[in-house]
């Protein structure tokens, strides 16, 4: 498998006033195309920061992040926003659906950034809602759906643009065991059946078991023996 | 790259209470704004309608109103010989030498007094002013102490109902008719025979104005030049009648507009701050949403536009509500002192497409000012911090 994500010598320092808070230190990581990788580590280990950097919603203090041949650290604000819309699908812990939009409209939202026709958008939205098993709930608002259903809508929204990389930030962190299992199975299906590359941050060892690879972070550094299965 | 409009509408609907309160605040300011313009427009329309496009009026130079003007009978006779004047079948010019003066009458239901214009007219006045018609009683008879009262003041003052008697000069005059002059200044006047007023006020041959019709309005400049060049008419000024009345309305309309707009602008700051608070609250409540939209790839300008659209929607709804309310004022008419003549003038609120345009423009400006800073704050939010706000 070719490498999709190359994180090279990346450091990230946050500043609180004049105080420097180093979160990641010279971290390097490769994610092959088609991989399903879990990032684990205690709170404050820098796993979410690493995820934010890979997804292009934050910038490294030093180092480079090359995704599918593009060094995203060199893109300006507008280019990065466009890049995210074309390459990244997000699955958040608290689903982050827009409460005033229906399931259908939430899934359609990323397609507003494309040049697809109304008909093509409809086909795509209905297609992904069918994959996540919510064809019969597309007119429901988020508050009318269970947590598991909301996360499935979020997954549909994440894949509707056919992104290069799916980013999951504790995607099962707010769900009961049964719903979490359903979400993990769905992600597994996306990886196996639709060949989607997934990087997921999780605290849950059971969730990490679904991934092909688990990498451990501690104090901003990847553990050398952190490989999973 | 647009966030769907349904997102904006539904967010406004979700926050119904704050939306309604903000809209009410904006609509009240818009109501005052529109009402002021409508009032000013009402004064102007009333005065403009008083004059006719086809008539020419001659007054003394420097006179702001007929009350301060005088034109002698021989000057009127001289002008009447000019061939440019329109004439009837008896070769008499369509012209009226008017004598305009003022009397003081008690207002009904209050101890206040009001200045009412008495206009002494010549027989051609009715042909020159077809907008005036009799609605009750009869016209006065020349040489008789009789008057006809304008309908807009007939009900507002003591003793000027039909068959009532009023004191003009030293004598009692009888009201023999009520005239309808539409929405013109004549509807706020009392008309009688010019010769009697000349005698009663001992004005001898000094009329206030001479109004006539030209056979061809294109001859206006010719007659103007003639009068300016004629030695015996040097102190007179020629104006188109409608323009003359428009100028009379400018002082009062300008005062209403000026004072009203200053008050409205002060009010508008309150409404803009209200809209700003509402929009800041909206931004604060939707921090995670903003972060999510940005993460999905919506650029800053889309967020800025989305919040500006919401602020504008609030303003436009407020404008529509305020205008709807203000339009009801079209049914209201009242009487007050015209600063141009210090006499009573009845007029109403008048809504025009221009006022509707200005009102919406005013509301849009309020929306932009009220919504801009919150929208900028929303668009400048850091994605990571915004997303963290939900965790």
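The values are calculated or read from the model by the stated rules, or taken from the named source; none is laboratory data. Bear in mind that the values here come from a model prediction, so they are computed numbers and not experimental data. Neighbour counts are summed over all protein chains in view; Cβ atoms, including those assigned to glycine, are modelled from backbone coordinates with ideal geometry.
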Scanning for something without any contact (Cβ under 8 Å) to a residue 60 or more places away in the chain and either more than 30 Å from residue B:187 (Cα to Cα) or within 14 Å of chain A (Cβ to nearest Cβ) (or both), does the stretch B:21-38 turn up at least one residue?
no
Within the stretch A:90-121, tally of residues that are part of a helix (DSSP H, G or I) and in contact with a helix residue (DSSP H, G or I) (Cβ under 8 Å, 6 or more places away or on another chain):
11
Taking the stated definitions as given, is residue A:58 touching a strand residue (DSSP E or B) at 6+ places or on another chain (Cβ under 8 Å) and farther than 22 Å from residue A:158 by Cβ?
no
Of the criteria (1) more than 14 Å from every other protein chain (Cβ to nearest Cβ); (2) touching a helix residue (DSSP H, G or I) at 6+ places or on another chain (Cβ under 7 Å), which one residue B:215 fails
(2)
Taking the criterion of being surrounded by 19 or more Cβ atoms within 10 Å (Cβ to Cβ), assigned to a helix (DSSP H, G or I) and at pLDDT 85 or above, would at least one residue in the stretch B:47-65 satisfy it?
no
Residues of the stretch A:68-89 that turn out to be facing another protein chain (nearest Cβ under 7 Å) and part of a loop (DSSP other than H, G, I, E, B), as a count:
0
Please name all residue pairs, on different chains or six or more residues apart, with Cβ atoms under 6 Å, provided the first residue is in the stretch B:306-331 and is within 30 Å of residue B:46 (Cα to Cα) and the second residue is outside any helix (DSSP H, G or I) and at pLDDT below 95.
B:327/B:351; B:329/B:349; B:330/B:349; B:330/B:351
Quick check on my filter: what residues within the stretch B:105-153 are in contact with a helix residue (DSSP H, G or I) (Cβ under 9 Å, 6 or more places away or on another chain) and in a helix (DSSP H, G or I)?
B:125, B:128, B:151, B:152, B:153
Could you please give the count of residues in the stretch A:27-44 that are more than 22 Å from residue A:197 (Cβ to Cβ) and surrounded by 13 or more Cβ atoms within 10 Å (Cβ to Cβ)?
1
From B:330, B:274, B:357, residue being part of a helix (DSSP H, G or I), in contact with a strand residue (DSSP E or B) (Cβ under 8 Å, 6 or more places away or on another chain), more than 14 Å from every other protein chain (Cβ to nearest Cβ) and over 30 Å from residue A:52 (Cβ atoms)
B:330
Using the structure shown, decide if residue B:240 is closer than 30 Å to residue B:54 by Cβ and buried (at least 23 other Cβ atoms within 10 Å of the Cβ).
no
Would you say residue B:270 is outside the structural domain of residue B:124 (by TED's automatic domain parsing), within 37 Å of the chain's Cα centre (by Cα) and surrounded by fewer than 19 Cβ atoms within 10 Å (Cβ to Cβ)?
yes
Across the stretch A:90-127, the tally of residues that are buried (at least 16 other Cβ atoms within 10 Å of the Cβ) and at the interface with chain B (Cβ under 9 Å from one of its Cβ atoms) stands at 15
Would it be correct to say that residue B:161 is in contact (Cβ under 8 Å) with a residue 12 or more places away in the chain, touching a helix residue (DSSP H, G or I) at 6+ places or on another chain (Cβ under 9 Å) and surrounded by fewer than 18 Cβ atoms within 10 Å (Cβ to Cβ)?
yes
Would you be able to say whether some residue in the stretch B:5-19 is in a helix (DSSP H, G or I) and away from chain A (no Cβ under 14 Å)?
yes
Only one of these conditions is not met by residue B:381: (1) surrounded by 22 or more Cβ atoms within 10 Å (Cβ to Cβ); (2) part of a loop (DSSP other than H, G, I, E, B). Which number is it?
(1)
Take the stretch B:291-302 and flag every residue that is surrounded by 23 or more Cβ atoms within 10 Å (Cβ to Cβ) and either more than 9 Å from chain A (Cβ to nearest Cβ) or part of a loop (DSSP other than H, G, I, E, B) (or both).
B:297, B:298
Does residue A:38 qualify as being closer than 25 Å to residue A:153 by Cβ and touching a helix residue (DSSP H, G or I) at 6+ places or on another chain (Cβ under 6 Å)?
yes
Could you check the stretch B:154-187 and list, in sequence order, the residues that are over 20 Å from residue B:50 (Cβ atoms) and part of a strand (DSSP E or B)?
B:165, B:166, B:167, B:168, B:171, B:172, B:173, B:174, B:175, B:176
Failed item, numbered, when residue A:149 is tested on (1) within 18 Å of the chain's Cα centre (by Cα); (2) within 14 Å of chain B (Cβ to nearest Cβ); (3) in a helix (DSSP H, G or I); (4) surrounded by 20 or more Cβ atoms within 10 Å (Cβ to Cβ):
(2)
